[in-house]
Amino acid sequence: MPRFYIMPMVIDDALDPAKGPMRHAKYIAGFDKASAIDYGTEDVCIVRIQTVSAAQHTALVSNPDCIGTPENIDQNLTQNAVDTISTFLESLNIPADWINTSKTYRQVVRNIAAIFQFNQCWNGVTGGSSPFKDGLNLSIQYNQLSAQNKAILQECFIRMGFNTDNLFLTSTLRTILKEFASQFLANKTIIMGEAV
Amino acid sequence: MALPATDTFDGTGALSANWTVDVGTFTRTSGVCYSTASTNALAYWNADSFAAAQYGKGTISGLVSYDYIGVSTRCDGSSNGYTNYTKDTTAFIVRVDTGSETTLDTDTGTPYSNGDVIGLQSDGSVHTGYNNGSPVTAFNATDSTYTTGSPGLSGYFNGPASGLTDWEGGNLGAGGGYNKHNNLLLLGAG
């Protein structure tokens with residue numbers, strides 16, 4: 001059964017020692033098929049591994065830097081899962097205040113994948129940076145951004161064909177990331193091996 | 001030139017002037033194109049402009065255990081783009097950022113063989129690996145980093161034992177064999 005995980009991105013030759021270093025999801029070596037979406041240049045990703053045994057799953061989530069979903073991602077999160085996942089995500093600058101027990105794991109996976117697209121756009125616009133590497137945090141407001149960062153942010157929305165109608169001077173980066181994700185999910189497809 | 005762009009790699013030596021080599025080096029010998037760099041390699045077709053929804057494909061000539069050969073999309077002239085390359089057992093969909101590689105999808109199930117047509121389609125934020133005109137099962141990625149550019153070639157430390165005998169790049173839905181929204185075929189799997 002496929003499973004989804006959030007884990008670090010690393011640079012090493014684990015995927016093919018003969019080839020040399022590549023940046024990849026930390027724990028995917030040895031699995032037949034894995035599809036990852038990174039948080040732009042931040043060293044974290046969400047990854048779908050096509051076939052994971054129960055023993056492999058146990059081993060993966062025993063790593064403190066890796067969390068995973070159950071096999072059935074159409075079930076709702078428990079409050080304990082909400083707390084665990086939210087704390088894990090927020091520690092990585094990933095907004096998680098939208099996660100609650102009314103959400104299924106599939107919704108969580110989809111929203112995280114969509115949030116990550118914003119940082120990917122930021123990478124593409126800036127040529128290798130991220131909002132956080134540029135000194136921003138989730139609480140910073142749009143009206144506190146430099147002119148350059150405002151331009152980058154707007155370009156991210158423009159490139160994806162998204163509108164900025166719901167962005168205001170007092171919108172925080174947290175809000176902006178979630179708005180970007182909302183428009184992504186409304187207009188585009190999340191494919192990770194299969195449609196999610 | 002009219003799309004789709006094509007090349008059969010006639011001649012010997014460096015690629016024709018229709019190509020820009022962004023990363024590494026490529027050469028051609030007896031109708032086979034391969035990279036010769038001891039690193040990753042990326043080249044794109046510079047003689048045409050392409051829509052964002054585009055594809056690249058090429059026929060594989062030989063696969064070995066230590067070299068990769070493949071195709072690319074959305075190469076933007078700054079050593080950025082997406083690639084799908086393969087060796088005998090393993091294929092990767094990779095995002096290239098100023099020459100550095102990030103693995104988006106890994107398939108160690110021998111998805112390609114000698115003589116297959118390896119392809120990569122980029123449509124919106126979805127990048128799908130193709131084999132002989134059909135999507136490879138569960139070999140795709142969602143990535144929004146690069147939204148425009150040109151299709152081309154990719155490889156890693158190839159010698160003539162592993163290369164492409166032809167290449168084609170074009171826009172999706174323009175008669176080149178790849179169509180927009182092929183990814184919708186995957187929706188039923190969700």
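The values are calculated or read from the model by the stated rules, or taken from the named source; none is laboratory data. Only a predicted model underlies this, so the values are computations on that prediction, with no experimental measurement involved. So basically every Cβ, Gly included, is an ideal-geometry build from the backbone, and we count neighbours across all protein chains shown.
Values for this structure:
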{"quantity": "Residues of the stretch A:144-171 satisfying the condition of being under 14 Å from A:Phe118 (Cα atoms) and of a type in the set (Val, Ile, Thr)", "calculated": "A:Ile152, A:Ile158, A:Thr164"}
{"quantity": "Qualifying residue in the stretch A:56-66 (condition: under 23 Å from A:Val196 (Cα atoms), among the β-branched types (Val, Ile, Thr) and within 13 Å of another protein chain (Cβ to nearest Cβ))", "calculated": "no"}
{"quantity": "Candidates A:Ser130, A:Ser171 - the one that is in contact with a Ser or Thr (Cβ under 6 Å, 6 or more places away or on another chain) and either surrounded by fewer than 20 Cβ atoms within 10 Å (Cβ to Cβ) or more than 10 Å from chain B (Cβ to nearest Cβ) (or both)", "calculated": "A:Ser130"}
{"quantity": "Residue selected from the stretch B:60-75 under the condition within 13 Å of chain A (Cβ to nearest Cβ) and over 14 Å from the mean Cα position of the chain (by Cα), by the criterion surrounded by the fewest Cβ atoms within 10 Å (Cβ to Cβ)", "calculated": "B:Ser65"}
{"quantity": "Conditions (1) at pLDDT below 95; (2) not in a loop (DSSP other than H, G, I, E, B): number failed by B:Ser38", "calculated": "(2)"}
{"quantity": "Test set (1) outside any loop (DSSP other than H, G, I, E, B); (2) more than 18 Å from A:Ile191 (Cα to Cα); (3) within 14 Å of chain B (Cβ to nearest Cβ) - A:Arg48 fails condition number", "calculated": "(2)"}
{"quantity": "Residue identified as modelled with pLDDT of 95 or more, within 14 Å of chain A (Cβ to nearest Cβ) and farther than 28 Å from B:Gly62 by Cα among B:Gly190, B:Gly149", "calculated": "B:Gly149"}
{"quantity": "Total residues in the stretch B:112-146, condition small (Gly, Ala, Ser), within 14 Å of chain A (Cβ to nearest Cβ) and touching a Gly at 6+ places or on another chain (Cβ under 8 Å)", "calculated": "3"}
{"quantity": "Checklist (1) outside any loop (DSSP other than H, G, I, E, B); (2) within 17 Å of B:Thr83 (Cα to Cα); (3) modelled with pLDDT under 95 applied to B:Leu164, failing item", "calculated": "(3)"}
